[in-house]
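K.L.:
My structure is below; once you've seen it, I'll send some questions.
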Amino acid sequence: MLDPQLLRSDLGSVATALLSRGYTFDVQSFQQLESQRKSLQVQVETVRALRNQQSKKIGQLKSAGEDAAPVLAEVVGLGDQLAVAEQELDSIQLALDKLLEEIPNIPADGVPDGLSEDENIELRAWGEFKDFDFEVSDHVDLGNALRQMDFETAAKITGSRFVVLRGLLARLHRALIQFMLDVHTDQHGYSETYVPYMVNRDSLFGTGQLPKFEEDQFCMTEDNFFLIPTAEVPLTNIYRGEIVNVEELPIKMVAHTPCFRREAGSYGRDTRGMIRQHQFEKVELVQLVHPDNSAEAFEELTGHAEHILQLLGLPYRVVALCKGDLGFSANRTYDLEVWLPSQKCYREISSCSSFDTFQARRMQARFKVEGEKPRLLHTVNGSGLAVGRTLLAIIENNQTETGDVVIPKVLRGYMGDCERITRL
């Protein structure tokens, strides 16, 4: 969440920055609550000081052999006043906290202006589109023809937006996970981490999914646990409530997990195939860094995700999201979009974001330099990559006229040296 002190000291600038991303901040409500908080804070401190002063006087009167009953009665009355004032102050503070919890992050300097994805800016592109001399198929038709991608059976087992993979496609899916983990740990310096696939409310609050996006989460109401929407949640929350030594920074973690999203509000969008599913796999990258190194870490992490696409030979582009297209917690985001020949367009395969202190403040994740007070960490994360979307990009970009799929060379060692996927 945002720093309350920033709101108190520069409310106008904060409101303007939020408006630039399409969020209208209720300035009047904040000012009214803040005014009440200040007044009650003064009242509480005044009554508390007076009660302490009179409490000392009781001891002095008793020591002098004088009657302390009137002062004792006054102290009791002041205690009652203090309890009422503290309760009112707590109530106002809760209202302020609730207001702050709903406010998105402020865009970083240099984020493009704009309110929709149409105003995002392409920063760079990599790779060349293959020149197919036949009519290309999409991943659904290819997978069906190979008899290794089955949406109908998944719908029978569960419902729509699930898939069953078989044979070499299932192995390719597994190979991608292993390949990504190996590259990120061996070449990019991340520590592989295994995390729970269910988290509590505090964890989802810490990274910003709650309270605003509860409808998009799968919740097990009996236990009040949530299936994770991304490994970002458990990875980042490892350091919730922790203070690490500055020498431990940067902390770089990678995890493979399934991810679960209800996709509330996305009905009718990408219903065909594996683009937008309720259950999917990701390899997630998370860095917790010193504030001075935040911008560099963001660019580095984005480059790590790009490296996977380059090794796989998949054409892609990097897009800077405009202010209005930023996620709730992010202050800067680059999307990596892979080329899909069947759609003749780029589609998102990774989203890399920087959060400044927004998540760390919600989690109270801090670092300490010897002799100084603890400070909030900066957090950075991104997909390295979304496994299902990488799979379908490989299928489409490496299809042959006969319907076979050529396996990228870097993956063949994970596939028993198999060079292509053929019909079962």
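K.L.:
Please give every one of the aspartates and glutamates within straight-line cross-link reach of Lys323, meaning a C-alpha to C-alpha distance under 12 Å, and leave out same-chain neighbours fewer than 8 residues apart.
P.N.:
Asp109, Asp113, Glu117, Asp118, Glu119
K.L.:
Where does the charge balance sit around Asn293 when Lys and Arg score +1, Asp and Glu -1, over other residues with C-beta under 12 Å from its C-beta?
P.N.:
Summing Lys and Arg as +1 and Asp and Glu as -1 gives -3.
K.L.:
Taking the Cα atoms only, what angle lies between the long axis of helix 387-397 and the longest principal axis of the chain, rounded to 10 degrees?
P.N.:
On a 0 to 90 degree scale, this one is about 30.
K.L.:
Only counting other Cβ atoms within 10 Å, I'd like Leu99, Leu314 sorted with the fewest neighbours first.
P.N.:
Leu99, Leu314
K.L.:
Kindly put Ile157, Ile92, Ile106 in sequence by how many other C-beta atoms sit within 10 Å of each C-beta, fewest to most.
P.N.:
Ile157, Ile92, Ile106
K.L.:
Give me a comma-separated list of calculated 3J(HN,Hα) values for the range 184-200, in order, Karplus coefficients 6.51, -1.76, 1.60 applied at θ = phi - 60°, integers in Hz, x for any Gly or Pro.
P.N.:
5, 7, 7, 9, 10, x, 8, 9, 5, 9, 9, 10, x, 8, 10, 9, 8
K.L.:
Let me ask something additional. Got a sec? How would His139, His378 order by Cβ neighbour count within 10 Å, fewest to most?
P.N.:
Starting with the residue having the fewest Cβ neighbours, the order is His139, His378.
K.L.:
From the phi of every residue in the range 40-48, what ³J(HN,Hα) in whole Hz does the Karplus formula 6.51 cos²θ - 1.76 cosθ + 1.60 yield, where θ is phi - 60° and glycine or proline is x?
P.N.:
5, 4, 5, 4, 4, 5, 5, 5, 5
K.L.:
Compare the peptides 119-129, 15-25 by average per-residue count of other Cβ atoms within 10 angstrom and give them in order, highest first.
P.N.:
My ranking of the peptides, most packed first, is 15-25, 119-129.
K.L.:
Anyone know which of Cys322, Cys352, Cys219 comes out most mobile in the 10 Å Cα GNM of the chain?
P.N.:
Most flexible of the set in this elastic network: Cys219.
K.L.:
Just the Kirkwood number for the range 117-421, please: inverse of mean 1/r across all distinct Cα pairs, in Å, one decimal.
P.N.:
Radius from the Kirkwood sum: 20.1 Å.
Bear in mind that the values in this text are calculations on the coordinates, not laboratory data. Predicted, not measured: the structure shown is a model, and the values here were computed from it. Here the Cβ is made from the backbone with ideal geometry for all residues, glycine too, and neighbour counts use every protein chain on show.
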